[in-house]
Amino acid sequence: MPADAITLIVGDEELLIDRAVADVVATARADDPETEVIDLGPGGLEPGRLAELTSPSLFGGGKVLVLRASQDLGKDLSAEVLKYARTPADDVALVAVHHGGAKGKALVDGLAKLGARRVACPKITKAGERVDFVRGEIRRHGGKISPDGARNLVEAVGNDLRELAAACSQLVADNGGRIDDAAVARYYRGRAEVSGFTVADKAIEGQLAEALEQLRWALATGVPPVLIVSALAQGVRGLAKVGGAPRGARAAGLAKDLGMPPWKIERVQRQLRGWSGDGVARAMTAVTEADLAVKGGAADPAYALEKTVSTIVAARSAGR
């Protein structure tokens with residue numbers, strides 16, 4: 001088999017998959033700028049079509065053939081792919097994207113035995129993995145960032161890898177060199193989800209002074225009170241959902257049932273220490289009252305939010 005004639009991409013992290021495919025295309029077009037790219041989505045490959053797509057073109061030129069969701073090809077189409085992979089065409093780069101798992105594993109094993117180049121693109125689910133991703137992205141663009149700065153950026157931007165990648169690119173482009181906490185704060189302190197969820201985390205963890213400080217800062221920078229209430233509500237609902245799950249259950253096993261990513265469940269499990277069922281109920285009531293207050297029921301939404309944060313911290317303390 002010619003070098004890199006077959007590339008097997010395994011995993012379900014879409015950004016990493018797209019980058020791996022783009023790398024194959026870039027390599028092919030470095031040799032032949034006119035290389036044709038044929039990207040087949042699920043169901044795009046029919047019996048006999050592989051032979052047609054990989055046959056020499058009347059006009060010459062190379063091809064990159066991308067088979068998405070190859071775990072869904074089925075036995076017959078997988079056999080066609082493996083048959084082709086034994087004697088691949090010199091001017092075709094075949095890329096098989098497989099989401100991992102047991103389905104379609106025979107294709108993965110078969111391509112591996114035939115010497116396909118394998119690229120792992122596993123889903124990034126843990127907070128630590130996202131921090132590593134951010135640090136790698138910053139390095140990729142020629143900059144540096146501390147572990148704390150990377151953690152702050154993840155908390156500020158969220159968990160979407162595309163948004164994190166864009167943020168890293170922007171920070172390096174605008175700041176260059178070393179990206180410190182001040183740079184992260186300058187760019188993302190106005191994001192509602194940052195301020196709101198920071199307030200919620202501090203309150204749920206029982207850090208009253210820090211929660212009130214973050215709350216006042218959020219309001220001062222223009223974060224709407226209704227979004228802060230929303231973040232508080234999500235935080236308290238997370239306590240209720242995870243607290244109601246079977247004791248000792250692993251986050252990965254609970255993710256589907258609770259509709260939360262494993263990293264979030266692990267974080268809430270840590271936050272639950274010191275909380276009682278009655279305390280969570282009291283906090284939920286406080287959040288419901290705050291929602292009514294900031295939507296017109298109170299003359300001073302800021303005071304209503306401070307009262308809510310204090311009530312949440314007191315509810316947690318009562319559970320110790």
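Would you confirm, using the coordinates I've provided, whether ALA302 is surrounded by 18 or more Cβ atoms within 10 Å (Cβ to Cβ) and in contact (Cβ under 8 Å) with a residue 12 or more places away in the chain? It would help to see each step written out before you state the result.
Details: surrounded by 18 or more Cβ atoms within 10 Å (Cβ to Cβ): no; in contact (Cβ under 8 Å) with a residue 12 or more places away in the chain: yes.
Considered against the rule, which asks whether it is surrounded by 18 or more Cβ atoms within 10 Å (Cβ to Cβ) and in contact (Cβ under 8 Å) with a residue 12 or more places away in the chain, ALA302 comes out as no.
Looking for whichever is in a helix (DSSP H, G or I) and farther than 14 Å from SER230 by Cα here; the options are GLU266, GLU289. Which one fits?
Just a single option satisfies the conditions, and that option is GLU266.
Check the stretch 1-21 and report whether any residue there is farther than 30 Å from PHE133 by Cβ and not aliphatic (A, V, I, L, M).
Our first condition is that a residue be farther than 30 Å from PHE133 by Cβ; within the stretch 1-21, this holds for 1-2.
Checking which are not aliphatic (A, V, I, L, M) leaves us with 2.
Within the stretch 1-21 (the criterion being farther than 30 Å from PHE133 by Cβ and not aliphatic (A, V, I, L, M)), the answer is yes, since at least one residue qualifies.
Can you tell me which condition TRP275 does not meet? The list is (1) closer than 21 Å to ALA211 by Cβ; (2) part of a helix (DSSP H, G or I), and all the others hold.
(2)
Checking the condition assigned by TED's automatic domain parsing to the domain that holds GLY11, under 22 Å from ASP23 (Cα atoms), touching a Leu at 6+ places or on another chain (Cβ under 9 Å) and modelled with pLDDT under 95, which residue from LEU73, LEU45, LEU40 passes?
It is LEU40.
Inside the stretch 43-60, can you point out the residues that are surrounded by 13 or more Cβ atoms within 10 Å (Cβ to Cβ) and out of contact with any Phe, Trp or Tyr (no Cβ under 8 Å at 6 or more places or on another chain)?
Within the stretch 43-60, GLY44, LEU45, ARG49, LEU53 meet the criteria.
Just to be sure I understand, how many residues within the stretch 126-142 are out of contact with any Lys or Arg (no Cβ under 7 Å at 6 or more places or on another chain) and buried (at least 19 other Cβ atoms within 10 Å of the Cβ)?
The qualifying residues number 5.
Do we find that ALA120 is among the hydrophobic types (A, V, I, L, M, F, W, C) and surrounded by 14 or more Cβ atoms within 10 Å (Cβ to Cβ) in this structure?
No, not satisfied.
Pick out the one residue from ALA85, ALA93 that is in contact (Cβ under 8 Å) with a residue 60 or more places away in the chain, buried (at least 21 other Cβ atoms within 10 Å of the Cβ), in contact with an Asp or Glu (Cβ under 9 Å, 6 or more places away or on another chain) and assigned by TED's automatic domain parsing to the domain that holds THR27.
Only one candidate passes the filter, namely ALA93.
For residues in the stretch 156-173 being touching a helix residue (DSSP H, G or I) at 6+ places or on another chain (Cβ under 7 Å) and not in a helix (DSSP H, G or I), which is modelled with the lowest pLDDT?
GLY158
How about the stretch 125-155: which of its residues are under 21 Å from HIS98 (Cβ atoms) and out of contact with any helix residue (DSSP H, G or I) (no Cβ under 6 Å at 6 or more places or on another chain)?
If the condition is that a residue be under 21 Å from HIS98 (Cβ atoms) and out of contact with any helix residue (DSSP H, G or I) (no Cβ under 6 Å at 6 or more places or on another chain), then GLU129 is the only one that fits.
State yes or no: is ASP31 in contact (Cβ under 8 Å) with a residue 12 or more places away in the chain and loosely packed, with under 12 Cβ neighbours inside 10 Å?
Working: in contact (Cβ under 8 Å) with a residue 12 or more places away in the chain: yes; loosely packed, with under 12 Cβ neighbours inside 10 Å: yes.
So ASP31 fits the description; yes.
I'd like the residue in the stretch 241-296 that is over 29 Å from LYS307 (Cβ atoms) and basic (Lys, Arg) and, out of all such residues, is surrounded by the fewest Cβ atoms within 10 Å (Cβ to Cβ).
ARG247
Residues are listed down the side, and each one gets a yes or a no for (1) under 12 Å from VAL92 (Cα atoms); (2) among the charged types (D, E, K, R):
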residue: VAL21; (1), (2): no, no
residue: ALA26; (1), (2): no, no
residue: PRO33; (1), (2): no, no
residue: GLY41; (1), (2): no, no
residue: ALA51; (1), (2): yes, no
residue: VAL64; (1), (2): yes, no
residue: ALA69; (1), (2): no, no
residue: ASP72; (1), (2): no, yes
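Please give the number of the condition VAL131 fails out of (1) at pLDDT 95 or above; (2) assigned to a helix (DSSP H, G or I).
(1)
The values are calculated or read from the model by the stated rules, or taken from the named source; none is laboratory data. Bear in mind that the values here come from a model prediction, so they are computed numbers and not experimental data. All Cβ positions, even for glycine, are placed from backbone atoms using ideal geometry, and neighbour counts span all protein chains on display.
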